[in-house]
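Take a look at the structure below.
The values are calculated or read from the model by the stated rules, or taken from the named source; none is laboratory data. What you see is a predicted model; the values in this text were computed from it and never measured. Cβ atoms come from the backbone with ideal geometry, glycine included; neighbour counts cover every protein chain shown.
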Amino acid sequence: MNNFSFYKDGKALYCLFFIWLSFSFSSIFAKSSDRNYTSFFQQHKVQGTVTDGTNPLPGVTIAIKNKKNNIVITDYSGQFSLSTSPFDTLVVSYMGFKTALVPIQGRSVVNIILSYDTTTLQEVKVNAGYYSVKESERTGSIARITSKDIETQPVTNVLATMQGRMAGVNIIQNTGVPGGGFDIKIRGQNSIRSEGNAPLYIIDGVPFASDPIGSNYTGTTFPNVTSPLNSINPDSIESIEILKDADATSIYGSRGANGVVLITTKKGKAGKTKFSITASTGTGTVTKFLKLMDTNQYLAMRKQAFINDGLTEYNFWDYDINGTWDQNRYTDWQKELLGGTAQITDLQGSISGGSDNTQFLFSGSYHTESTVFVGDFLYKKGGGQLNINHHSNDQKFRLTFSAGLNAQKNDQPSYDFSYDARALPPNAPALYLPNGELNWENGTWENPLRNLNTKFESATNDLVANTVLSYELLPELVLKSNLGYTNLNNKETRVIPSTIYNPAYNVSPANSVIFLNSTDRSSWIIEPQINWKKELWGGKIDFLAGATFQNQTTDRNIQTATGFSSNSLIYDLSAASITRILLNDETQYKYQAFFGRLNYNWQQRYIVNLTARRDGSSRFGPGNQFANFGAIGAAWLFSNETFFHDNSWFTFGKIRASYGTTGNDQIGDYQFLNTYTTSGVLYNGTVGLRPSRLFNPDFGWETNKKLEVAMELGFLQDRIFTTAAWYQNRSSNQLVGVPLPGTTGFTVLQSNLDATVENTGLELTLRTLNFKGSSFNWTTSLNLTFAKNKLLHFPGLESSPYNQQYRIGQPLNIELLYKYKGVNSQTGVYEFEDLNKDGKISFPDDQQTIADLNPKYYGGLQNQFSYENLTLDFLFQFVKQKNRTYPMGPAGMMSNQQARIADSWTQQGDVKPYQIATTGYNSDALTADYLYSESDASITDASFIRLKNISLTYNVPLHLKEMQCKIMLQGQNLLTFTKYDDGDPEFTSYGFLPPLKVITAGIQLTF
């Protein structure tokens, strides 16, 4: 873009990057510090075993006090050996245990027993993006899960690993088809635009674009277009941190308005080379079906509908009831079309190890998953991850390199069978003839398996690479640079051949259609940084400054073709008589920023954290490309005050608060410019252009102001630890389309709307160590979120096209509905409130009843039990919410219904919950059925408690020094307790496959 340039030449930056990288590698091998290996006392060898009193502890770090170089790690039997002086002291450290100082005192065998340390919860360092901070010292709101939580779940999407485990993070699965996606909202919906609420994803310091890569043109198996998040392999993840408040997110400026998801991949550890392989297999089935009518109930409903309409004869097309179809046949179409078993296989392998200076990890994975649909469909996913860590002998120079390459291939029908499974009459004909051909029952029905001839195929390759270089210029001054590159390639094809029609119709291949979509996206980022730490005025000061330079290019092409002479040529566009390009564009997104952080910690009691960022984005017009964001966070660790030192039961207390601003530029590229598109119409032999968007130089940033107050308390050496946080986020200057009169030639102007959306909530977490013994342990974790969303301000709402979508003082996710009164006992037809008293039910005046579909509260309860070599971990997810009943259409027509509809009105005086059945001749009943589906009667309680995840692990006691064996049994979505009658209560995508219940068994071998 000529009007916006941060860098004169991107190639020059690439050259500088490779020059720097080459110089850094040469420095690694050229520079080394002197070591003194001539000490007399190093001839003394010490060996032993580290245990917790019962079981050996692998991976324990053993160092020598006041010496940096001689460090060892215990093996899988907890054993170690090292050479040192007989008068040295060993420093033994391991996460979750108290660090032990063990004098050698001339011994050759030193066996060590470590004591559990419940206070280490506050010493764990969490990733805050550009820096890390101890749990006890963080001033922002950060939720975290680790590989221990992730490894217990048989899932393939990174968002699935967080469901029910984090306060303030609401995640919903939108399909059970493999390769499908999830919706995530961190502390609610900030933007009126549904597309502008995605968080920022960072993988090892590299932004990962979560913008959809698929197209609505190329597939209907998924309710939403393809998400690139499926490319991330959960098994390669070490930890996931969610940044929520202004203190944690404002350092990301315009990209942190909706929260930040930080993903850290696994790294190698010093010690002997370790090889691990994990294999598992399992099955998936639909969690819950609708309770539909059987044949007797269905035919009784159909016959009553004819009676109600005054019809004495059946029509020839009423095959289900006129005797053409077997009146005694019953097929459960949900089980027939969706009741299959998905076969799931997983294979994971890794090799890791290294010296004190250099550690490495290389891992690979392969996953296959079939579907529950009829037919052979397969989703395949595989990839590799490489991580290398290195530091020089004097530990001044450090390098971290990570690269992950993942590939997906998905083969699905381009049609979801869920609608047919719920709507087909239960006495419909068989799917196949005895000879194995599709049954068309002499043309009396459209066999749903005709759609097996359609195909949706996609292939995705995704690369994420990152290098972090740092050098300690002075003991308190570090230079650092983060260099990242991503590349994503996605191709999708959907074919609809003429063979989907009954052969008796002789439909020509000229009616066959193919849709093609391809997306290529690449991005590079450079982030130089400087970090200075100093003890000052009785405390510690930490200063960070840096810059971000990012460039992202996206190429998209969507085509369709039809008119083939043969279906065998359907993939050859040159064989089509009509070819159309629906979209062909190349967009470039440029972004730069300067950021800083100043943290001051005075005597581990008073902490102040200041963050600031100045952002520039190519998505806004001249004069509005840059904006400033910042935040202040503060914490008081009152448990470190002198008056608490002698308190034996109260061990930790902190009050923290933050306030600041973040921004949002999730509007797409070139939205402020005058743009033109091809008209598709020939004029004098030339295809013309037409204007598609108006220029708006005032188009600017959406702003989110965030406020939070929280308290953290620990009791009994942190065996009981709880957090309570209240937050308020207000998002203004909304990035939406402002409607224009049709006389302008445009329907909308991309602009900033003077509307304000508020999210408030209370987040509670509780962690308890219920029992701790030599062989039995029990811990419990609870998170609970109460959240509210509200439209505070919207000038001119009543006169805008949004006047039937939003209400001031109400959530964004509301439904405006008719007020249901009941079934008229005389006419048998649904009745509704006439709000404007005009004698009729009309839109929009009478459709004003508000239903809030946001969850009132949600959370999760996790328990972990361990007894010797056996570990049981399970999580219950719970949500208090409302949802729509499943829409089935008017009762009495040639379509199945929920079994409860059998209790419908049949004669005058009946008091029934459901109206009269009709074959379609009763127009009043048809209208009333539509109004019913748009009334508050269609809203019902969809709250649920779900056994979201359960994992049983057994460490087989092999008594082999160099080998471990672990057997695992895992389940997902196993049990659901709910009053919701219309299938899965979590699921909101009607007409699509709901989530699956998954059970897997596996084995892990480590050498």
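If a residue must be in a loop (DSSP other than H, G, I, E, B), within 49 Å of the chain's Cα centre (by Cα) and without any contact (Cβ under 8 Å) to a residue 24 or more places away in the chain, how many such residues does the stretch 84-107 contain?
2
Please verify whether the stretch 961-968 includes one or more residues that are crowded, with 16+ Cβ neighbours inside 10 Å and closer than 24 Å to Thr283 by Cα.
yes
Taking Asn190 as the residue in question, decide whether it is over 19 Å from Glu702 (Cα atoms) and either assigned to a strand (DSSP E or B) or touching a residue at least 24 places away in the same chain (Cβ under 8 Å) (or both).
So Asn190 fails the test.
Taking Asp718, is it under 21 Å from Arg193 (Cβ atoms), at pLDDT 80 or above, of a type in the set (D, E, K, R) and not assigned by TED's automatic domain parsing to the domain that holds Lys185?
No: the conditions fail for Asp718.
Filter the stretch 504-543 down to residues that are of a type in the set (A, V, I, L, M), within 30 Å of Asn447 (Cβ to Cβ) and touching a residue at least 12 places away in the same chain (Cβ under 8 Å) and give me whichever is surrounded by the fewest Cβ atoms within 10 Å (Cβ to Cβ).
This residue is Ala504.
For the condition under 21 Å from Ala246 (Cα atoms), in contact with a helix residue (DSSP H, G or I) (Cβ under 7 Å, 6 or more places away or on another chain) and not assigned by TED's automatic domain parsing to the domain that holds Gly256, what is the one hit in Arg605, Arg613?
None of the other options fit; the residue is Arg613.
If a residue has to be surrounded by fewer than 22 Cβ atoms within 10 Å (Cβ to Cβ) and assigned to a loop (DSSP other than H, G, I, E, B) to count, how many in the stretch 215-226 make the cut?
4
Can you confirm whether the stretch 923-942 contains a residue that is over 30 Å from Lys840 (Cβ atoms) and either hydrophobic (A, V, I, L, M, F, W, C) or not in a strand (DSSP E or B) (or both)?
Yes, the stretch 923-942 has at least one match.
Give the residue that is farthest from Tyr676 (Cα to Cα), with candidates limited to residues of the stretch 570-588 that are in a helix (DSSP H, G or I) and free of Cβ contacts under 8 Å to residues at least 12 places away in the same chain.
Ala575
Could you check the stretch 453-475 and list, in sequence order, the residues that are surrounded by fewer than 20 Cβ atoms within 10 Å (Cβ to Cβ) and of a type in the set (A, V, I, L, M)?
Result: Ala459, Leu463, Ala465, Val468, Leu473, Leu474.
Scan the stretch 106-156 for residues that are closer than 24 Å to Pro234 by Cβ, at pLDDT 90 or above and among the acidic types (Asp, Glu) and jot them down.
Asp149, Glu151
Residues checked against (1) surrounded by 16 or more Cβ atoms within 10 Å (Cβ to Cβ); (2) touching a strand residue (DSSP E or B) at 6+ places or on another chain (Cβ under 8 Å); (3) in a strand (DSSP E or B); (4) in contact (Cβ under 8 Å) with a residue 12 or more places away in the chain:
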| site | (1), (2), (3), (4) |
| --- | --- |
| Tyr591 | yes, yes, yes, yes |
| Asn599 | yes, yes, yes, yes |
| Gly616 | yes, yes, yes, yes |
| Phe620 | yes, no, no, yes |
| Asp646 | no, no, no, no |
| Thr651 | yes, yes, yes, yes |
| Ser658 | yes, yes, yes, yes |
| Thr662 | yes, yes, yes, yes |
| Tyr670 | yes, yes, no, yes |
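Out of Val126, Val155, report the one residue that is in contact (Cβ under 8 Å) with a residue 12 or more places away in the chain, in contact with a strand residue (DSSP E or B) (Cβ under 8 Å, 6 or more places away or on another chain), in a loop (DSSP other than H, G, I, E, B) and of a type in the set (A, V, I, L, M, F, W, C).
Val155 is the lone residue from the list that is in contact (Cβ under 8 Å) with a residue 12 or more places away in the chain, in contact with a strand residue (DSSP E or B) (Cβ under 8 Å, 6 or more places away or on another chain), in a loop (DSSP other than H, G, I, E, B) and of a type in the set (A, V, I, L, M, F, W, C).
Could you list, in sequence order, all residues of the stretch 721-741 that are more than 29 Å from Thr661 (Cβ to Cβ) and either surrounded by fewer than 18 Cβ atoms within 10 Å (Cβ to Cβ) or assigned by TED's automatic domain parsing to the domain that holds Arg193 (or both)?
Thr722, Leu740, Pro741
Inside the stretch 825-868, can you point out the residues that are touching a residue at least 12 places away in the same chain (Cβ under 8 Å) and among the polar types (S, T, N, Q)?
Answer for the stretch 825-868, where residues must be touching a residue at least 12 places away in the same chain (Cβ under 8 Å) and among the polar types (S, T, N, Q): Ser825, Gln826, Thr827, Gln847, Gln848, Thr849, Asn854, Gln862, Asn863, Gln864, Ser866.
Can you give me the number of residues within the stretch 937-954 that are surrounded by fewer than 19 Cβ atoms within 10 Å (Cβ to Cβ) and touching a Leu at 6+ places or on another chain (Cβ under 8 Å)?
Matching residues across the stretch 937-954 total 4.
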